[in-house]
Amino acid sequence: MASDVIGVPLEDALFQKWTPVAQVYGFDTMSETRIDAQGFEEQAATAEALAARALAIPSLSSHCPPLPPLEPPSCNVKSTYSSVEDFSNVQGKDCWSYLDSDGVPMIFDAANSWWKRNHPDQSPFIARTLFHPGASFSAVRRWTSPVDGLVTVSGEFVDTDPRGGDGVDVSILKNGNQMDFRTIPNGGNAVFSFKLTMDRGDRLDFIVNGKAFHGWDSTALTATLELKPFARKRTWTWANCSGALVGRVASRAFRRPLRPDEREDYRALYESTLARAAAAGIEEPVDEALSTTLQAVFLSPNFMFKPELVRGGFNPDEQSYGVASRLGLYFRGSVADEPLWAAAASGTLTSKTVVAHATRLANQDLPRFAANFGGQWLDFRDQRATHPLGEDMRREASDVFVTILREGLPAERLLSPGFTIVSGPLASLYGFSGVPTEATAARVASPSRGGVLSQAHFLARTGEGSEFRRPIHRGLWVLSRLLCRPLPQLDPATLMEIGNSFEALDRSRPLPEQMAKHRDTSTRCGACHNQIDPVGIALEKYDRVGRWRDFYEDGQAIESTLDFGGQSVRDPIELTSAIERSPEFRACVAEKLLTFALNRSPREDETCWKEKLTGPITAASPSPSPSPSSSLRTMSVEALVNALTLSEASP
Amino acid sequence: MRTSRRNVLRWMGVSLSLPLLESHLAQAEPSPTRRRFIAAYVPNGAYMPAAKNGDWTWDGALKPLVDQGLRNNVMMVRQLFNGFETKDPHWQNCAGFLSCEPIVLGDPGVARCGVTVDQIVAERLATKIPAMFPSLEIGGVYYHVHLLASHAAYSSDYLNRISWQAPDKFRSPIGNPAHLFAKLFGGQQGGTAQIDFLHSRKRSVLDQLHKDAQRLAARLPESYRPVLASYMETVREVELGLSKGGFQCQPTMSAPRQDFTHPNTNYRLRFHLMHQMLVLAMQCGLTNTATLMYGPGISADLTFAEDLGPGVGHHTAAHHGGTASSIERLKAISRVQTGLLADLLLKLKTANLLDSTLVVYGSDMSDGNVHATTNLPTLLCGAGTDLKFGQEITPSSKRPLSDLYVETFNLLGMTDRTRFGSGECASTGQPLGIRA
């Protein structure tokens, strides 16, 4: 979701500790959860990283004043330069260079520790403190600004040799233009202090000239330059740049335009941070102010919670944004896309166009919807691999689900699609021939595989652990996921019985027989196991990773004589067709979709919608879907459209 | 009240027999010798078929402790139960491990349990011994998505937290040793002006969030307010934390840099480092109370593969169904966990803190295979001849876990805390017989 808010892909790792993606009724699309101080700290760090990421996106600041080109400093950047302390035998060190008045670099005379001309007339020289002009050339100490900035220049020239001579002329030039000029009498001095802005590469020359006579003209210079580099973004203001940037990110994050009081708050937060950052000497105060403001956006309850799901959460004039957001959350697991946003903004998101948008999103964001809804419902979003082929198995479950949505097939086909999509290794696990080993997603027609109950993803995840656990786990999964059938809670008396029944088991007997004994121990046990066991035992034809088998390892035949809802379910094929035909399954699909759309369980008085969903689609609902009746995709659109009216109608 | 009077008498007895004990004479109120508390939690129980002792013996699951010479610092307390009939113990006895109060089901967005022992102890200790962090919560793994659709009404918050400061206010554990290091010892870099700026920056963000939450709360129906109120409380708590200072601790270790992103990577190292930091923090007086979650409730993801080789997750092994390989795995997992406890106790001992610390170690279940909640595997650890360390205490009948917590309060000098837990988990007021 955050990646849609700022408009770039973000890696999952960034959200490892992001709390608001919560856990409601089996679907975590969006919800409210609590956050404590520890969680908040982690989240604040994530929000800061998000803000930094947002600032690096050029399109978000394309409306802002252009920035000066980013160049490396031309020499060492310091806050203070000193003509005396920085003196060295290297040209350019600490931005100082030593020239004659023709601009020719001097050379260092190590014997005297001074700079002099590389010429027979060596009279001008520059030592650590002293300057001396020559007969026809003067000496120039040059400081070149490494970056753009404000420079405060202060210091003093002193004619240090009062024994003779006629004094000196001293001057300071910026890029050849005179900033200061003084005539110093013999033995006199000149104090200077001024500020100027300098661009990168601008030159500041300190020059001593002899007057009529250059003897006794040794002149000391102590110059201190304080450099405050300019921030690159100093031209960015709230009005010409930052306000719109924050507004853009925050409105997507809050899924509605910013309200005037919020905009004013963020402006105040921005301006005060900007001023404090500049005062604290932060290098780029605008970035600091922007990232602070965006951090406040990403941590806001308006982003973390979803007020549009609650009456009063959005203003009446924001309702169309609320609907757009509901559509976005449901189909995209994220914020509204641009067409939805535009429709909300122009007030054209009416009950009629909602269906069209929903249908559009059901196509456009089909993989996202499949991953969020299907992946949570049928567990294929969970990437924990429990088997070396775990990822291949997960891909099969996901690909089949996507294909059923894409091809407009009805929900029952989830159980028997007639095809599957497998990798080479998975095909060989299933015993298919003709799929090359290196295939990653080969579509294969198959009457027996591809359905949820025959997918290795489900079978291997539930096949782990003890012999007993497998059929029970598989049965429970089918009851809760495919039939929405609640089972009684385990009370201590039942638990006690379960414990005792384990001790009474004769482990040399076949598993179904042991389970029958377990089941028949009492009515208490039977209450659940009469439902769980027929399903779990029918699926015993699959081993713990999902391979077909007719015998247990010890050679005993696998057979079941149990009934389920009055139908014989001796093997997975009979079980599949029993579930496929049961109205319970169709109602369960509807219930899962509604739960996902409502972000809560449908209430008792809302269950009539479930039946509506399972029936053929009404003629009143325009749908360009290729399927004539209730395809899973059409059902998904209907569920959302119904959920919108449901939550509007309820308090 | 009975318990309380007995304790007052006991203190008088100590004073009479050791009249020159300066630390006691110097203070108006006698301070307990034990003034630190740690609770450690493991999920899914141990191999204890039908809730009998099973592998929970000195030469079974507790062998790592015995091997480290810690037997005389560990007391086995049998016959304890915890939990509420209608609540699945995976959730109930994780969130309720230290509160013995029922969790509230229905809306998974709103988690509610009871105030926990560690928080009560922390609050009391903080009034006597100032500490930078009244309590520390340490863990390793979070669930961010709801685990089982069949348990729709059960919030994952119940699996992630054993510390509750208020019925509606859990305290999340820190999972990454590097984060714990930064919290305990990490000073901010930069000059004073920059640190001041960073503080003011944080504060102004928090002010804004507070404003947002207040505005939002005003718009939403009553039923929504608790969530926002708790959000605001959190913001305020973080704000308070910003202004706290004055505690200094120089760590004798460097910041951990290993990879802790996956729960099974560096599992043991994670807790060894956390133990080291916790003991340092206690030595420095940064904290006196802590909880440790060696895994979240259920711990489906934890395989202990680093120690035991590849295999099924903890939860799957616990539902062993009598299968030998799962049972062996479960036993081995128990030993890895008691090995962690041994590491903690050794570090406390080396730092001379064990005399003044009480450690409770326990689980949500005994026999995880059938979710049994009687005869819970529970240990009380510490040092001192006044308690029956090194022994096995078996009360004559089944007793609530809350009875152990009342004893704990007593041993920490909180003699006014004579009752704990509610409903079927309420304490009985009877001693467990843990005193020598």
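The values are calculated or read from the model by the stated rules, or taken from the named source; none is laboratory data. Remember, it's a predicted structure, so these values are computed and weren't measured experimentally. FYI the Cβ positions are ideal-geometry reconstructions off the backbone, even for glycines, and counts take in every protein chain you see. The area values use the complete protein model at the heavy-atom level, side chains included, leaving out ligands, DNA and RNA. Shrake-Rupley method; radii C 1.70, N 1.55, O 1.52, S 1.80 Å.
Looking only at residues of segment A:403-420 that are of a type in the set (Val, Ile, Thr) and buried (at least 23 other Cβ atoms within 10 Å of the Cβ), we find that the one that is nearest to A:Leu459 (Cα to Cα) is A:Thr420. Only one of the numbered conditions (1) farther than 26 Å from B:Phe81 by Cβ; (2) in contact (Cβ under 8 Å) with a residue 12 or more places away in the chain; (3) not hydroxyl-bearing (Ser, Thr, Tyr) is violated by A:Leu505, and that is (1).
When A:Ala223, A:Ala277, A:Ala253 are checked against the criterion of being buried (at least 23 other Cβ atoms within 10 Å of the Cβ) and more than 19 Å from A:Ser61 (Cα to Cα), a single residue qualifies: A:Ala277.
Can you pull out the residues in segment B:52-92 that are in contact with a strand residue (DSSP E or B) (Cβ under 8 Å, 6 or more places away or on another chain), within 14 Å of another protein chain (Cβ to nearest Cβ) and closer than 23 Å to B:Pro296 by Cα? Once the filter is applied, which keeps residues that are in contact with a strand residue (DSSP E or B) (Cβ under 8 Å, 6 or more places away or on another chain), within 14 Å of another protein chain (Cβ to nearest Cβ) and closer than 23 Å to B:Pro296 by Cα, segment B:52-92 yields B:Phe81, B:Asn82.
One line per residue, one yes/no per condition, for (1) at pLDDT 90 or above; (2) touching a Ser or Thr at 6+ places or on another chain (Cβ under 7 Å):
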{"position": "A:Ser577", "(1), (2)": "yes, no"}
{"position": "A:Glu591", "(1), (2)": "no, no"}
{"position": "A:Ser601", "(1), (2)": "no, yes"}
{"position": "A:Cys608", "(1), (2)": "no, no"}
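All conditions but one from (1) at pLDDT 95 or above; (2) of a type outside the set (D, E, K, R); (3) open to solvent by 50 Å² or more (accessible area, probe 1.4 Å) apply to A:Ala345; the one that does not is (1).
Selection over segment B:185-206 of residues that are open to solvent by 50 Å² or more (accessible area, probe 1.4 Å), at pLDDT 90 or above and within 9 Å of another protein chain (Cβ to nearest Cβ) gives a count of 1. Open to solvent by 30 Å² or more (accessible area, probe 1.4 Å), at pLDDT 95 or above, among the polar types (S, T, N, Q) and assigned to a strand (DSSP E or B): is that true of A:Thr183 in this structure? Taking the combined requirement at face value, the residue does not satisfy it.
Annotation: of all residues in segment A:314-336 being touching a residue at least 60 places away in the same chain (Cβ under 8 Å) and of a type in the set (D, E, K, R), the one that is nearest to the other protein chains (Cβ to nearest Cβ) is A:Glu318. Can you pull out the residues in segment B:277-330 that are open to solvent by 30 Å² or more (accessible area, probe 1.4 Å), closer than 30 Å to B:Asp355 by Cα and part of a helix (DSSP H, G or I)? Listed by number, the list holds a single entry, B:Gln283. Take the conditions (1) at pLDDT below 95; (2) outside any helix (DSSP H, G or I); (3) within 30 Å of A:Pro583 (Cβ to Cβ); A:Ile421 misses just one of them, which is (1). Is it the case that segment A:552-560 has a residue that's out of contact with any Leu (no Cβ under 9 Å at 6 or more places or on another chain), more than 25 Å from B:His320 (Cα to Cα) and among the hydrophobic types (A, V, I, L, M, F, W, C)? For segment A:552-560, residues out of contact with any Leu (no Cβ under 9 Å at 6 or more places or on another chain), more than 25 Å from B:His320 (Cα to Cα) and among the hydrophobic types (A, V, I, L, M, F, W, C): absent.
Of everything listed in (1) open to solvent by 10 Å² or more (accessible area, probe 1.4 Å); (2) under 25 Å from A:Arg544 (Cβ atoms); (3) not in a helix (DSSP H, G or I), the single unmet condition for B:Thr261 is (2).
Among the residues of segment A:113-145, how many are over 60 Å from the mean Cα position of the chain (by Cα), of a type outside the set (Phe, Trp, Tyr) and open to solvent by 30 Å² or more (accessible area, probe 1.4 Å)?
Pass one, segment A:113-145, residues over 60 Å from the mean Cα position of the chain (by Cα): A:116-125, A:130-138.
Those left that are additionally of a type outside the set (Phe, Trp, Tyr): A:116-124, A:130, A:132-136, A:138.
Okay, now just the ones that are also open to solvent by 30 Å² or more (accessible area, probe 1.4 Å), so A:116, A:118-123, A:130, A:135-136.
Result for segment A:113-145: 10.
If only one of A:Arg311, A:Arg232 is away from every other protein chain (no Cβ under 11 Å) and surrounded by fewer than 23 Cβ atoms within 10 Å (Cβ to Cβ), which one is it? Give the steps one after another, and end with the answer.
Details: A:Arg311 fails: away from every other protein chain (no Cβ under 11 Å).
From the options A:Arg311, A:Arg232, the qualifying one is A:Arg232.
Taking A:Arg256, is it over 18 Å from A:Ala51 (Cα atoms), facing another protein chain (nearest Cβ under 7 Å), modelled with pLDDT of 90 or more and touching a Phe, Trp or Tyr at 6+ places or on another chain (Cβ under 6 Å)? Judged against the criteria, A:Arg256 is not a match. Can you tell me which residues in segment A:259-293 are more than 11 Å from chain B (Cβ to nearest Cβ) and either of a type in the set (Lys, Arg) or closer than 28 Å to A:Leu329 by Cβ (or both)? Passing the criteria: A:Pro260, A:Arg263, A:Arg267, A:Leu290.
Every residue, every condition in (1) among the β-branched types (Val, Ile, Thr); (2) open to solvent by less than 30 Å² (accessible area, probe 1.4 Å); (3) in a strand (DSSP E or B), yes or no:
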| site | (1), (2), (3) |
| --- | --- |
| A:Arg519 | no, yes, no |
| A:Cys528 | no, yes, no |
| A:Asp533 | no, yes, no |
| A:Gly536 | no, yes, no |
| A:Arg544 | no, no, no |
| A:Thr561 | yes, no, no |
| A:Glu580 | no, no, no |
| A:Arg586 | no, no, no |
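Restricting the search to helices (runs of 4 or more DSSP H) fully inside segment B:77-175 and requiring at least 2 residues that are of a type in the set (Val, Ile, Thr) and at pLDDT below 90 gives an empty result. Listed by first and then second residue, the pairs linking a residue in segment B:207-228 that is within 8 Å of chain A (Cβ to nearest Cβ) and hydroxyl-bearing (Ser, Thr, Tyr) to a residue that is open to solvent by less than 80 Å² (accessible area, probe 1.4 Å) and not in a helix (DSSP H, G or I), with Cβ atoms under 6 Å apart and 6 or more places separating them unless they lie on different chains, are B:Tyr224/A:Val310.
Filtered by the rule that a residue be away from chain B (no Cβ under 11 Å) and open to solvent by less than 20 Å² (accessible area, probe 1.4 Å), segment A:369-402 gives A:Phe369, A:Ala370, A:Phe373, A:Gly374, A:Phe380, A:Gly390, A:Met393, A:Glu396, A:Ala397, A:Val400, A:Phe401. Taking residues in segment B:353-378 that are within 13 Å of chain A (Cβ to nearest Cβ), and partners anywhere that are buried (at least 24 other Cβ atoms within 10 Å of the Cβ) and β-branched (Val, Ile, Thr), the pairs with Cβ atoms closer than 6 Å and at least 6 places apart or on different chains are B:Met365/B:Thr373. Checked against the criteria, A:Thr237 counts as within 23 Å of B:Lys202 (Cα to Cα), among the hydroxyl-bearing types (Ser, Thr, Tyr), open to solvent by 50 Å² or more (accessible area, probe 1.4 Å) and in contact with a Pro (Cβ under 9 Å, 6 or more places away or on another chain). Of the listed requirements (1) in a helix (DSSP H, G or I); (2) touching a strand residue (DSSP E or B) at 6+ places or on another chain (Cβ under 9 Å); (3) open to solvent by 10 Å² or more (accessible area, probe 1.4 Å), A:Glu283 misses just one: (1). B:Asp416 fulfils the conditions (1) among the charged types (D, E, K, R); (2) part of a helix (DSSP H, G or I); (3) farther than 25 Å from B:Leu273 by Cβ except for a single criterion, (2). Here B:Leu136 passes the criteria (1) open to solvent by less than 10 Å² (accessible area, probe 1.4 Å); (2) within 14 Å of chain A (Cβ to nearest Cβ); (3) touching a Lys or Arg at 6+ places or on another chain (Cβ under 7 Å) except the one numbered (3).
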